Amino acid sequence: MQFEDVINSRYSVRKYSDRPVEEEKLLKILEAGRLAPTAKNMQGQHVYVVRSPEMRKKFNKDWAMHFDAPIVLIIAMKKELEWISHFSKLNRGETDAAIVTDEMMLQAHALGLGTCWVGWFDPEKVKEAFYIPDDETVYNLLPLGYPADDCRPGPLHDSRKPLDETVTFL
């Protein structure tokens with residue numbers, strides 16, 4: 001798939017089939033996250049692969065959207081490797097986690113899999129349920145699997161502002 005096709009056809013999958021994800025595809029997705037650029041190349045990401053039925057049952061719809069995907073990736077950052085900008089004083093760990101998540105999301109779609117970038121979750125409950133150490137910050141969840149046959153993009157998927165509303169040439 002050409003990159004333009006990937007970004008034009010990808011959508012948030014909120015309904016998954018029970019078809020298992022092949023190990024080689026999962027490893028390609030994880031490799032995309034490993035290769036993602038991070039601030040000062042600190043590579044503070046830690047991706048947790050939640051795929052056993054027992055572990056997936058720990059997700060509670062009251063505190064984490066996961067759409068019953070066969071795999072959920074938890075994207076965390078090691079706090080000691082989250083670079084703080086000297087100028088803005090902003091923690092760039094959240095940006096790094098976003099880049100890692102995005103690279104894995106796009107690779108998954110290129111391989112015929114679906115994802116949904118999830119920010120609707122309680123990080124502390126995720127950390128507790130999945131034994132994530134205190135020295136890591138959980139930033140994103142990425143449900144992963146094959147879309148169900150009747151899965152379709154959401155109603156706002158194709159609603160995009162025109163380029164002239166989002167770009168200024170100087």
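Looking at segment 34-69, which of its residues are of a type in the set (Ser, Thr, Tyr) and either within 20 Å of Gln107 (Cα to Cα) or in contact with a helix residue (DSSP H, G or I) (Cβ under 6 Å, 6 or more places away or on another chain) (or both)? Result: Thr38, Tyr48.
Yes or no: segment 157-170 includes at least one residue that is buried (at least 18 other Cβ atoms within 10 Å of the Cβ) and either among the hydroxyl-bearing types (Ser, Thr, Tyr) or farther than 19 Å from Val47 by Cβ (or both). No: zero hits.
Among the residues of segment 109-129, those that are surrounded by fewer than 17 Cβ atoms within 10 Å (Cβ to Cβ) and in a helix (DSSP H, G or I) comprise Glu124, Lys125, Glu128.
Here the condition is being under 24 Å from Pro153 (Cα atoms), assigned to a strand (DSSP E or B) and β-branched (Val, Ile, Thr); of Val100, Val72, Val21, it holds for Val72 alone.
Per-residue answers, yes or no, for (1) at pLDDT 95 or above; (2) hydroxyl-bearing (Ser, Thr, Tyr); (3) crowded, with 18+ Cβ neighbours inside 10 Å; (4) part of a loop (DSSP other than H, G, I, E, B):
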{"residue": "Ala76", "(1), (2), (3), (4)": "yes, no, yes, no"}
{"residue": "Glu80", "(1), (2), (3), (4)": "yes, no, no, no"}
{"residue": "Phe87", "(1), (2), (3), (4)": "yes, no, no, yes"}
{"residue": "Tyr131", "(1), (2), (3), (4)": "yes, yes, no, yes"}
{"residue": "Asp149", "(1), (2), (3), (4)": "yes, no, no, yes"}
{"residue": "Pro155", "(1), (2), (3), (4)": "no, no, no, yes"}
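In the set (1) hydrophobic (A, V, I, L, M, F, W, C); (2) within 21 Å of Asp68 (Cβ to Cβ); (3) out of contact with any Leu (no Cβ under 7 Å at 6 or more places or on another chain), Phe87 fails one condition alone, (2). Restricting to segment 28-58, name every residue that is in a helix (DSSP H, G or I), closer than 19 Å to Pro133 by Cα and either at pLDDT below 95 or not aliphatic (A, V, I, L, M) (or both). Scanning segment 28-58 gives a single hit, Arg56. Name, by its number, the condition in (1) more than 19 Å from Met55 (Cα to Cα); (2) assigned to a strand (DSSP E or B) that does not hold for Leu141. Unmet condition: (1).
Candidates are the residues of segment 89-101 that are touching a residue at least 60 places away in the same chain (Cβ under 8 Å) and closer than 21 Å to Arg51 by Cβ; the one that is surrounded by the fewest Cβ atoms within 10 Å (Cβ to Cβ) is Thr101.
Of the residues making up segment 32-65, those that are in contact (Cβ under 8 Å) with a residue 24 or more places away in the chain and either farther than 25 Å from Asp96 by Cα or loosely packed, with under 14 Cβ neighbours inside 10 Å (or both) are Leu35, Pro37, Lys40, Met55, Lys58, Asn60.
The values are calculated or read from the model by the stated rules, or taken from the named source; none is laboratory data. Computed from a predicted structure; not experimentally measured. Note: ideal-geometry Cβ built from the backbone for every residue, glycine included; neighbour counts use all protein chains shown.
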